[in-house]
Amino acid sequence: MNQPVMDRAIADSVQIVSTSRAELMGLLELVRADFDGIPRSGFDTPTELEFRGLVQRWTELATDLISAITGFEDALRESAPSDEPHVPRRAPIDPGNIGLEDALERLDGALQSRLPHWPEGLAQQFERARADALKACEGLAFVKQQVEYLVLGVGSDA
C-alpha cells in the first residue's frame with residue numbers, strides 16, 4: 001500500500017470524523033435541552049418516574065453513540081503520522097441542521113472512499129464503531145418516541 005496515500009486518507013478521515021462527532025454532540029445536546037424543557041408539573045408519580053427513566057436511558061445511549069465515534073476518532077488520530085500537517089484538532093460542538101441518522105449516513109458515506117487506504121485493523125475498528133453507533137442511534141430514536149408518547153400522547157408504545 002502506498003504510505004503517503006494511506007497517511008493522507010487517515011488525516012482526511014480524522015477531519016471528517018471529528019466534524020461529524022461535533023455535529024452529533026450538538027444534535028444530542030439540542031434533544032436533551034428539549035427534554036429538559038418539558039413541563040412536568042402535571043405528571044403523576046408513575047409518569048414522572050417513567051419519564052426520568054426514559055431520559056436516563058436516552059442519556060446512556062447518547063453517551064454510547066458519542067463514545068463509539070470518539071473511540072474511532074482516537075484510533076484514527078493514533079494511526080495518523082505525527083508529521084502529517086492535515087490532522088486537525090478536535091472540532092467544537094456544532095449541531096448543524098440535520099438529524100442523527102442523516103449525520104451518521106453522511107459520515108459513513110464520506111469514509112467509504114477512504115476505507116480501502118486504511119490498515120486492516122483500523123477498517124475493522126471502523127466497522128465496530130459504526131455498528132455501535134447505529135445501535136445507539138436506533139435506541140435513541142425509540143426512547144425519543146417513547147418520551148413523545150408519554151408526554152404528548154402521540155406515537156406508539158409497541
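The values are calculated or read from the model by the stated rules, or taken from the named source; none is laboratory data. In this text the structure is predicted, and so the values were computed from the model without any measurement. Cβ placement follows ideal geometry from the backbone for every residue including glycine, while neighbour counts extend to all protein chains displayed. The protein model used for the area step is the full one, side chains on, heavy atoms only, and it has no ligands, DNA or RNA in it. Shrake-Rupley method; radii C 1.70, N 1.55, O 1.52, S 1.80 Å.
The table below gives the values:
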item	result
Which listed residue, of 35, 51, 43, is without any contact (Cβ under 8 Å) to a residue 60 or more places away in the chain and among the aromatic types (Phe, Trp, Tyr)	43
Cβ-Cβ under 6 Å pairs, at least 6 apart or on other chains, segment 103-119 side in contact (Cβ under 8 Å) with a residue 60 or more places away in the chain, far side hydrophobic (A, V, I, L, M, F, W, C) and open to solvent by 20 Å² or more (accessible area, probe 1.4 Å)	110/16; 117/5; 117/6
Some residue of segment 54-77 being under 28 Å from residue 116 (Cβ atoms), in contact with a Pro (Cβ under 7 Å, 6 or more places away or on another chain) and among the aliphatic types (A, V, I, L, M)	no
Top-ranked residue of segment 1-29 - restricted to ones that are within 20 Å of residue 70 (Cα to Cα) and either without any contact (Cβ under 8 Å) to a residue 40 or more places away in the chain or among the β-branched types (Val, Ile, Thr) (or both), ranked as most open to solvent (accessible area, probe 1.4 Å)	19
Set 41, 18: member being of a type in the set (Gly, Ala, Ser) and modelled with pLDDT of 85 or more	18
Among residues of segment 30-47, those that are farther than 25 Å from residue 100 by Cα, in contact with a helix residue (DSSP H, G or I) (Cβ under 8 Å, 6 or more places away or on another chain) and either open to solvent by less than 70 Å² (accessible area, probe 1.4 Å) or not in a loop (DSSP other than H, G, I, E, B) (or both), counted	2
Residue list for segment 66-102, restricted to those being at pLDDT below 70, closer than 21 Å to residue 138 by Cα and open to solvent by 70 Å² or more (accessible area, probe 1.4 Å)	97
